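Structure, as structure tokens:
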Amino acid sequence: MAELVVIFIGAALINNVVLMQFLGICPYLGVSRTLSMAKGMGAAVIFVMGISSMVTWMLHHYVLDRFGIEYLQTVAFILVIASLVQFVEMVMLRYSPALYRALGVYLPLITTNCAIMGVALLNIRDGYGFIETIAHAVGSGLGFVLAIILFAGIRERLDRARVPEPLCGTPIALVVAALLSMAFMGFSGFAVADMFGL
């Protein structure tokens, strides 16, 4: 249990997929204009990241590895992720059309969100077991949500702030993203196991 806590907190804060590993920057910058859009995208990413990590782990260990066809890993993982994103799109369209319209083109971009693919590959590379894979995926998903919600909240406040004209829009967003990334670098010195006495 202690190892799962370390993996979870490490994935959410210390090795934050967006702010420390720089994966998933496209939806991070594109869908963080409002807090409601960021929350919707975050929920979709957590769902897809968690389920796809479990499915890709099983696919790798029970099919690709068993039959010696690991070279198909990238193609197989992309197919799994794309299928899950289609499922999320259908559910959102059915139960939350407003959020579906608000996310627009960024919802299909989850298919090519390198954070989801990166987490699936990291689970295999780091040799995580099935339960560890779930902890890492959910921790990474929550780290993505934390990053995008913090960023969206700051961007909403910046819309009402007096920003020098050359920095308006994307330039100030990139400055804020860099500052958030630097702030999260402070977590890299923490030893999670020592923090919790594990």
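Axis of helix 170-185 versus longest Cα principal axis of the chain: the two differ by about 50°, to the nearest ten degrees. Rg ratio for segment 70-174: its Cα radius of gyration over 2.2 N^0.38 Å, N being its residue count, equals 1.35. Computed over the Cα atoms of segment 38-93, pair by distinct pair, the Kirkwood hydrodynamic radius stands at 12.0 angstrom.
Using the per-residue mean of other Cβ atoms lying within 10 Å as a proxy for protection, in what order, highest first, do the peptides 48-55, 86-93 fall?
The packing order, highest mean first, is 48-55, 86-93.
Once Lys and Arg get +1 and Asp and Glu get -1 on their Cβ, which of Val85, Gly118, Ser53 lies farthest toward the positive end of the dipole of the chain? Checking the options against the dipole of the chain, the answer is Val85. Measuring between their Cα centroids, segment 148-176 and segment 80-94 lie 31 Å from each other. In this Cβ point-charge picture (+1 for Lys and Arg, -1 for Asp and Glu), segment 34-152 has a dipole of about 340 debye about its Cα centre. The rule of thumb for compact globular proteins, 2.2 N^0.38 Å, goes into the C-alpha radius of gyration of segment 1-143 1.03 times. Rounded to the nearest 10 degrees, the angle from helix 35-59 to the longest Cα principal axis of the chain is 10 degrees. From most to least packed by mean Cβ count within 10 Å, the peptides 149-156, 12-19 give 12-19, 149-156. Listing Ser32, Ser140, Ser181 from fewest to most neighbouring C-beta atoms within 10 Å gives Ser181, Ser32, Ser140. The angle separating the long axis of helix 114-125 from the principal Cα axis of greatest extent in the chain is about 30 degrees.
Throughout, read-outs are computed from the coordinates displayed, never taken from laboratory work. None of the values given here were measured: they were computed from a predicted structure. In this analysis, Cβ positions are derived from the backbone assuming ideal geometry, glycine residues included, and neighbour counts consider all displayed protein chains.
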